[in-house]
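What follows is a short report on a single structure.
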């Protein structure tokens, strides 16, 4: 437990450790069966790491009552953000996406990075025949001179970040369609977070694709849980649950379980790091993101040492 606390204290800003135990719990709007059903965005529900973190945070806050987490309809990220903003149809209650200043203004963020800040560390999913095109790349100029295009979602905050750094980006609204676009050579690199890419390969049965072994994109981009602006109960409960998990060490266990394997299998410590700027963060999230980048080497060393053997 104490190792977990030291890890979080070392790599996350001090304000993330402040417990909101003194905050009064708002009245719980229980459903007829005495529990609240939380609708989690389907992309997050299908990702066992994110779903397990949401369930961990909710389980740490039993004073709010029983809960159930269910899968949302298959909505694009842009649609999910609009649904959360308006909160008229209640198609989704919780979504984990990368943060931006605009999202923090119009939605209700839980400002603790769900993956310890690793979403902004990205590798390329590629067709095997394109691997020679990536050999020896050292910087952004090498990427542009070789006409390497990056595939991303239309509504993902990565898209303007990559474009702001001079990279050519090809987009689509649906995550699933991007795999077919990569296969059809609409772009050369599908840039995926290091906590996502192994799941992508397994979940999408992408045996014909490979992970490019030599480069690592790095930019400050914390990934938060978001709820509707008027859903203060869910926001309080999720933040309190995550902060309790940080304090008792279970969040560190979560990081080891779900991200230690990726650090080891992707060989991140041997990769050429290409650092990009992110001009779209709020001041608070920029601090979180830059703190993560500054501690990249220590973070990778830690996770690779404690990676679970399974």
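The values are calculated or read from the model by the stated rules, or taken from the named source; none is laboratory data. None of the values given here were measured: they were computed from a predicted structure. Cβ coordinates were reconstructed from backbone atoms using ideal geometry, including for glycine residues, and neighbour counts include every protein chain displayed.
Only one of the numbered conditions (1) within 29 Å of residue 159 (Cβ to Cβ); (2) modelled with pLDDT under 50; (3) surrounded by 20 or more Cβ atoms within 10 Å (Cβ to Cβ) is not met by residue 4, and that is (1).
Of all residues in region 14-54, how many are in a strand (DSSP E or B) and either at positive phi or modelled with pLDDT under 55 (or both)? Selection size over region 14-54: 0. Where strands (runs of 3 or more DSSP E) fall wholly inside region 71-144, the ranges with 3 or more residues that are farther than 21 Å from residue 204 by Cα are 108-110. Filter region 265-283 down to residues that are buried (at least 16 other Cβ atoms within 10 Å of the Cβ) and touching a helix residue (DSSP H, G or I) at 6+ places or on another chain (Cβ under 8 Å) and give me whichever is modelled with the lowest pLDDT. In this case the residue turns out to be 282. Considering the conditions (1) closer than 25 Å to residue 259 by Cβ; (2) touching a strand residue (DSSP E or B) at 6+ places or on another chain (Cβ under 8 Å); (3) buried (at least 21 other Cβ atoms within 10 Å of the Cβ), residue 161 is excluded by exactly one of them, (2).
Restricting attention to region 37-74, the residues that are surrounded by fewer than 16 Cβ atoms within 10 Å (Cβ to Cβ) and within 19 Å of the chain's Cα centre (by Cα) total 5. Checking 201, 182 one by one, the residue that is assigned to a helix (DSSP H, G or I), at pLDDT 95 or above and either under 16 Å from the mean Cα position of the chain (by Cα) or within 20 Å of residue 122 (Cα to Cα) (or both) is 182 and no other.
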